[in-house]
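Presented below is the structure to which this report refers.
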Amino acid sequence: MRKYAIIGLGHVGAAVAFQLVSRGIADELILIDTNEGLARAEQLDLQDMQGRIDTRTIIKINDYSELADTDILFITAGNILAYKEKQAQGNRWAEFEYTKDIVQAIAPKVKASGFHGVAIDTMNPCDAITQYFQENTGLSRQQVFATGTFLDTARMQKVVSDQFDCDPKNVTGYVYGEHGESQFTAWSTVQVNGLAITELAKARSLNLDDLEQAARQGGWEVYKGKGYTSWAISTCAVKLSQAVLSDARSAYICSCYSEKYGTYIGQPAIIGKKGVEEVTELPLTVEEEAKFKHSADTIKEKFQTFEKQTN
């Protein structure tokens, strides 16, 4: 029995739920949202479609006690309207002010439920919020991680694949650091069809900084056009969860705890049944390592600000 739960049924949570049900990934799904009507509506909509798909998922709503034997918990709560308002005011850490309240509300309930599975966060600011959730639920750092720069890496793969006319899956390598402004592409890790992009860029006189900027811009174009992002981030979250349930021990980048820098941050890790099985420390250039440290310091600054706001 593959049992999933989702806390927060906004655009991302609903997209995760749709994928879990339509692809037959979840045998049982628990939907939790403060809006009872929304939770019931999503439950009914997903149930209605099951007469036209090849699998069946049992769907329940708003019962934290169901988390006791849940395998995977997605934390996808947020407030997109408040985020847009803060953005208009030029607040760089716009989502901090209300995601902290969400975590404060749900963490004790998750802890009280007896949940002992793996939790995957998509909330923002991703890295700092994930650390706060982990500390306040008492779950291990192994059990709690976030999508982090998994999506940013996919955006990089898309831009590079467009440039080299290949499948995005033929582009390997990682975007490291904060799921935010201090992230960076570690070009020393990137290959296209098995060839180092640094050498390919020289041969084509390509500016890798331009490619990195294009990858960042792509995410903003989605947000500006739709008012939110959903499909790509939900796909990232579901893919990570499948690595857990199948004990795949897959090498993915995600936001997990760095012992070296003392914070959650986007870095490569091995994902298996326990969550983060191990962190993979790839050799970075001196410049990339400096960027990684800067990003870690930025996240820690955010986290310290967060703690001051909640104390």
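A few comments on the model shown:
- Of all residues in the range 142-164 being of a type in the set (Ser, Thr, Tyr) and buried (at least 24 other Cβ atoms within 10 Å of the Cβ), the one that is farthest from the chain's Cα centre (by Cα): 153
- Unique residue being under 14 Å from residue 55 (Cβ atoms) and modelled with pLDDT of 95 or more when the list is 12, 16, 21: 21
- Within the option set 176, 132, being surrounded by 17 or more Cβ atoms within 10 Å (Cβ to Cβ), hydroxyl-bearing (Ser, Thr, Tyr), under 21 Å from the mean Cα position of the chain (by Cα) and assigned by TED's automatic domain parsing to the domain that holds residue 293 holds for one residue only, 176.
Results for (1) surrounded by fewer than 22 Cβ atoms within 10 Å (Cβ to Cβ); (2) in the same structural domain as residue 235 (by TED's automatic domain parsing); (3) over 24 Å from residue 13 (Cα atoms); (4) at pLDDT below 95, shown as yes or no for each residue.
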residue	(1), (2), (3), (4)
137	no, no, no, no
140	yes, no, no, no
170	yes, yes, yes, no
198	yes, yes, yes, no
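- Taking each residue of the range 180-194 that is assigned by TED's automatic domain parsing to the domain that holds residue 302 and assigned to a loop (DSSP other than H, G, I, E, B) and looking for partners that are buried (at least 20 other Cβ atoms within 10 Å of the Cβ) and of a type in the set (S, T, N, Q) with beta-carbon atoms closer than 6 Å, six or more apart or interchain, yields 182/295; 182/298; 183/149.
- Hits in the range 16-27 - residues which are surrounded by fewer than 22 Cβ atoms within 10 Å (Cβ to Cβ) and either of a type in the set (A, V, I, L, M) or closer than 23 Å to residue 108 by Cα (or both): 25
- Filter result (at pLDDT 95 or above, of a type in the set (Val, Ile, Thr) and surrounded by 14 or more Cβ atoms within 10 Å (Cβ to Cβ)) within the range 51-85: 57, 59, 61, 70, 72, 75, 76
The values are calculated or read from the model by the stated rules, or taken from the named source; none is laboratory data. The model shown is predicted, which means the values in this text are computed figures rather than measured ones. So basically every Cβ, Gly included, is an ideal-geometry build from the backbone, and we count neighbours across all protein chains shown.
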